[in-house]
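Taking it in order: structure first as structure tokens, then the write-up.
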Amino acid sequence: MAYETIRYEVEDGIATLTLSRPEKMNAFTTGMLSEMLDALDRVDADDDVRALIVTGDGRAFCAGADISNGAGEFLTDGEESVRNADGSFNYSSPAARDGGGRLTLRLYELKKPVIAAVNGAAVGVGSTMLLPMDVRIASESARFGFVFAKRGIVPEAASSWFLPRVVGISQAARWCYSGRVFDAAEALSGGLVQSVVPQDELIPTARAIAQEFADQTAPVSIALTRQMLWKGLGMSHPMEAHRVDSRAILSRSLSEDANEGVNAFLEKRPADFPMKVSTDMPDFYPWSQEPEYD
């Protein structure tokens, strides 16, 4: 796919996905959604990519959905695609799916770590798309806002699931109920971002974090760990985690990667893990699948 609204680059095992509609403050469109989903598939398929950085081009990260053509912008097949013959809504229609949710669910299923480098305004879907990313850092000029109530709509992108888990229910409620835009310092104190840095240090900081994830770690182990942590948020009892842990420990302990990791430690040398995410995930994976949309 040729990209028109994003840039995708890989350097030294780190992929960078840059939202690139700077003249529109990187406002989110259906075209951008398709391109981002394609880029995420590329990240998972490329064994040379060990981590992903997501950032924005120009002065904004993402100023929210592009609603310049009205509130129905994201009904790509027209309003009739989500109506029954009697005029009522067909909520089960695939066309009724929220585009932001399609993106965040794909991020949730990603096998590689994701670092958000928020360079400027991140409002609406610009904020909610950050939630399933593993580490979120912001420049001092970044701004955030869950502004949906001020637009007469509600939080999207599965953020009613993600946001309380990231920042707690009370903080999530306060930001969503007010719909106000807040600065990077408040995002840091509220737990939305992990650090705030000067603008010129944003990408170097993100790349340093990505390199920490890639150096001397087994790619399959990282992929499993990411899914264990995120899927664990939805488990109802620690026994569910114990079952997954036990399968993962069993399969990994008897793997070529574990043999290499132990030998490298004993021989005091860097490990060269042979197993690949694209071909060598254990047979019990995936233990949890995104349910069918209904």
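The values are calculated or read from the model by the stated rules, or taken from the named source; none is laboratory data. If you're wondering where the values come from, they're calculated on a predicted model, not measured in any experiment. Neighbour counts are summed over all protein chains in view; Cβ atoms, including those assigned to glycine, are modelled from backbone coordinates with ideal geometry.
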Review point. Of the residues that sit in the stretch 147-182 and are under 17 Å from the mean Cα position of the chain (by Cα), more than 21 Å from residue 210 (Cα to Cα) and of a type in the set (A, V, I, L, M, F, W, C), which one is surrounded by the most Cβ atoms within 10 Å (Cβ to Cβ)?
Key: 157
Revision key, fill the gap. When restricted to 66, 98, 57, the only residue modelled with pLDDT of 95 or more and of a type in the set (Asp, Glu) is 57
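Does the stretch 183-194 hold any residues that are surrounded by 14 or more Cβ atoms within 10 Å (Cβ to Cβ) and out of contact with any helix residue (DSSP H, G or I) (no Cβ under 7 Å at 6 or more places or on another chain), and which are they?
Result: 183, 184, 186, 187, 188, 194.
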**Study point:** Output for the stretch 233-264, where each listed residue is more than 27 Å from residue 216 (Cβ to Cβ) and among the polar types (S, T, N, Q)
**Key:** 236
**Study point:** The listed residue being of a type in the set (Lys, Arg), assigned to a helix (DSSP H, G or I) and either in contact with a Pro (Cβ under 6 Å, 6 or more places away or on another chain) or under 21 Å from residue 122 (Cα atoms) (or both), out of 247, 174
**Key:** 174
Revision key, fill the gap. Flagged in the stretch 230-280 as among the acidic types (Asp, Glu) and free of Cβ contacts under 8 Å to residues at least 12 places away in the same chain, in numbering order, are 240, 267
**Study point:** Members of the stretch 182-206 found to be in contact (Cβ under 8 Å) with a residue 24 or more places away in the chain, closer than 23 Å to residue 170 by Cβ and outside any helix (DSSP H, G or I), listed by number
**Key:** 182, 183, 191, 192, 193, 194, 195, 196
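Go over the candidates 229, 188 one by one and state the one that is in the same structural domain as residue 147 (by TED's automatic domain parsing) and modelled with pLDDT of 95 or more. Explain how you work it out, then say what you get.
Details: 229 fails: in the same structural domain as residue 147 (by TED's automatic domain parsing).
Just a single option satisfies the conditions, and that option is 188.
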